[in-house]
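One structure is given here, and the rest of the page talks about it.
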Amino acid sequence: MAKARSLDLSDYEEGAPFDGDYDAELKKLQDRLAKLGVAHKLAQRKTMIVFEGWDAAGKGGAIQRLTAPWDPRHYEVWPIAAPSFEEKQRHFLWRFWKALPAPGEIAVFDRSWYGRVLVEWVEGYIDANLRRRGFDEINEFEAQQRADGVLTIKIFVHVRADVQDERLRERLENRWKRWKINRDDFRNRARRDDYLAAMRDMFAETNTRWAPWHIVDGNDKKAARLTVLRIVAEHLERTVPSEPPPMDEDFLRYARAQLNSEKKPEAD
């Protein structure tokens, strides 16, 4: 299975702020995504949007704004934490098979199966053989989804170490945001170099033609959110029909006749 070009996180650290009217651009993108969400449902397409990235990189805020214009009946956000005892007794992909989208649905993963080759590898839960096997199984899993008609959009939100520290500090000092952080965040922070090495391997092994990675510079939150929405919109536009399906003409005439017949006469 041939891989796409290599990716380097250092190319996504400028953090340039969005130069324009953020609210207007956000509304334009969300209006665009609202129509695409309807088209996706009508065309009975299946899509997975996979988010990975550093703690406090802004994944949650991007997901919130991405899904805001969609009908909640047709998408699901899956927040992925450490596997439960039951999940540990099975293949690591087992819990994700249960979350795959049905026709007309979008599954959004806030972290994903890539924990196998990132967290589990860095923390020493798997050895080199299982990691090698994990890369192969992930590529095969995503290829299977592609063969089954599932569009996979993989997004990695990157932030510099100083930006991550600033955001962790902000969360710590804000009583309404403290719930977002725990000891794991700081343990992962202390092993940043190990995670960077694991991420380089992950991109090299899993940046495939059928499921390429999109790295987003998350150092400016507003610019990052707009970039995420734009990536998803562009992928969906290549997947779903640009026009809605025609309505049954007999029903259209019937419905119009019913509405016209029930019109009340205007008052003099």
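Just so you know, all these numbers are worked out from the coordinates, no wet-lab data involved. Fair warning: this is a prediction, and the values are worked out from it, not measured in the lab. Here Cβ is always computed from backbone atoms with ideal geometry, including for glycine, and neighbour counts include all displayed protein chains.
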In nanometres, the difference between 0.36 nm per residue of separation and the alpha-carbon distance of ALA147 and ASP21 is 41.3 nm
When the dipole is taken about the Cα centre of the chain, and only Lys, Arg (+1) and Asp, Glu (-1) are charged at their Cβ, what size is it in debye, to the nearest 20?
520 debye
Which residue, TRP54, TRP121, TRP94, has the most motion in a Gaussian network model of the chain that connects Cα atoms within less than 10 Å?
TRP94
How far, in nm, would the chain grow between ALA161 and GLU243 when pulled straight, counting 0.36 nm per residue and subtracting the alpha carbon separation?
25.1 nm
Which of the listed residues, SER6, ILE155, TRP121, is farthest toward the dipole's positive end in the chain, when Lys, Arg count +1 and Asp, Glu count -1 at the beta-carbon?
TRP121
Along Cα→Cβ, 7 Å out, is where each label goes; now give me the distance between the ones at TRP176 and ALA197 in nm to one decimal.
4.2 nm
Cα to Cα, under 15 Å, and not fewer than 8 places away if on the same chain: which aspartates and glutamates meet these conditions relative to LYS180?
ASP55, ASP110, ASP165, GLU166, GLU170
Report the label-to-label distance for GLN44 and ALA190 in nanometres (one decimal), using points 7 Å from each Cα along the Cα→Cβ vector.
5.4 nm
Shape of region 106-156, Cα gyration tensor, a/c cut at 1.5
oblate
Return one number: the angle in degrees, 0 to 90 and rounded to the nearest 10, between the long axis of the Cα atoms of helix 192-206 and the longest principal axis of the Cα atoms of the chain.
60 degrees
How large is ³J(HN,Hα), in whole Hz, for each residue of region 109-123 in order, when computed from phi with the Karplus curve 6.51 cos²θ - 1.76 cosθ + 1.60 and θ = phi - 60°, using x for Gly and Pro?
9, 8, 6, 7, 5, 6, x, 4, 9, 10, 4, 5, 6, 5, 7
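By the gyration tensor of its Cα atoms, with a ≥ b ≥ c the square roots of the eigenvalues, what is the shape of region 73-123: rounded for a/c under 1.5, prolate for a/b over b/c, or oblate?
Taking the square roots of the gyration eigenvalues as a ≥ b ≥ c, region 73-123 is prolate.
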Amide hydrogen neighbours beyond the local backbone of PHE18, cut-off 5 Å, H modeled
ALA223
Choose one of ALA34, LEU93, GLY61: the residue whose Cα lies farthest towards the positive end of the charge dipole of region 30-99 (beta-carbon charges +1 Lys, Arg; -1 Asp, Glu; about the Cα centre).
ALA34
Theoretical gain in end-to-end length, ARG73 to ASP136 [0.36 nm per residue, Cα-Cα removed]:
19.3 nm
Subset of LYS41/LYS222; LYS35/LYS177; LYS88/LYS221; LYS28/LYS154; LYS27/LYS154; LYS98/LYS222 violating a 30 Å alpha-carbon distance limit
LYS35/LYS177; LYS88/LYS221; LYS98/LYS222
Of all DSSP beta bridges in the chain, what percent run antiparallel (nearest 5)?
5 percent
Only one of the values [x] 1.13; [y] 0.97; [z] 1.18 was calculated from this structure for Cα Rg over 2.2 N^0.38 Å; name its label.
[z]
Going by a ≥ b ≥ c, the root eigenvalues of the Cα gyration tensor, does region 38-89 fall in the rounded group (a/c under 1.5), the prolate group (a/b larger than b/c) or the oblate group?
oblate
